[in-house]
Amino acid sequence: MRIAATVLLAACLALPGWTSLAADPGTEPERVSRASAVDSGLGAVIMSVRSELYLEDTLGVFFLREGGSITNPGDVVRFERRQGMLSFGNDTLGFKVRAYQLRPGIYRLVAHGVSCEKVPAENERCLVEFKGIAGAEEISRPSRGYGGDAPRFEVRAGAVTNAGDFVLTARNTIEWAPIPGDELRRLRARFADAVAAPEPVIPEQFRLVYRLKARSLSDDWNRRY
């Protein structure tokens with residue numbers, strides 16, 4: 001019965017009446033393929049975003065540039081991960097290592113969210129309204145805001161930052177791990193000519209220490225985050 005309900009919900013969410021009312025807070029940075037593609041005055045950051053949870057909508061991992069405000073979309077960058085269009089299971093636990101160009105500065109993890117209308121404040125959660133066949137329904141989504149002790153990385157003009165792997169876990173937390181060398185090899189070669197920026201600063205409580213297991217939609221059916 002739960003499997004049938006899961007399939008039904010997934011189908012309903014694909015219909016026009018079941019689209020989320022949430023906007024996309026923050027700004028998604030521009031992807032780059034190699035060091036020579038980075039604009040003058042900007043720096044590159046290499047990052048992986050993964051999810052142990054099944055993502056019914058796009059996951060945003062938000063970083064605030066030092067000196068900015070989470071209420072200003074221009075100060076917040078959003079790194080995304082979503083399920084594959086043809087995927088029937090959770091395919092977001094695999095690595096997807098990408099490079100982006102950003103303005104120089106220090107960027108701190110401030111939140112993660114799925115279908116959130118804004119960047120969640122510290123310890124805030126998102127409740128999202130969906131319009132379905134039976135009317136509007138308020139649904140809890142994976143989300144959390146973080147304080148000043150969260151991970152951070154520095155971007156320097158003309159340099160490349162290896163920010164690492166940021167994972168949404170079943171504990172509804174973003175946790176960090178280094179990107180394995182074999183996953184990093186191709187991009188590392190394309191940015192070999194760039195100077196390396198400092199390593200990210202990762203507090204101990206944000207380091208991933210548990211084994212990950214891909215969860216299905218039915219694993220967290222009706223869960224409140």
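Structure notes:
- Shape summary of the chain, radius of gyration then Dmax from alpha carbon positions: 17.8, 57 Å.
- Shape category assigned to segment 111-210 from the gyration tensor of Cα positions, a/c cut at 1.5: prolate
- Between 0 and 90°, nearest 10: helix 2-13 axis offset from the chain longest Cα axis: 70 degrees
- Electrostatic dipole magnitude of the chain [Cβ: Lys, Arg +1; Asp, Glu -1; Cα centre; debye, to 20]: 480 debye
- Per residue, the solvent-accessible area of the chain (1.4 Å probe, heavy atoms of protein chains only, all protein chains present) comes to 52 Å².
- Sulfur and carbon atoms: percent of accessible area, segment 74-225 [1.4 Å]: 49 percent
The values are calculated or read from the model by the stated rules, or taken from the named source; none is laboratory data. What you are looking at is a predicted structure, and each value in this text was computed from that prediction instead of being measured. Note that each Cβ is placed from the backbone with ideal geometry, even for glycine, and that neighbours are counted across all protein chains shown. With ligands, DNA and RNA removed, areas are computed over all heavy atoms of the protein, side chains included. Shrake-Rupley method; radii C 1.70, N 1.55, O 1.52, S 1.80 Å.
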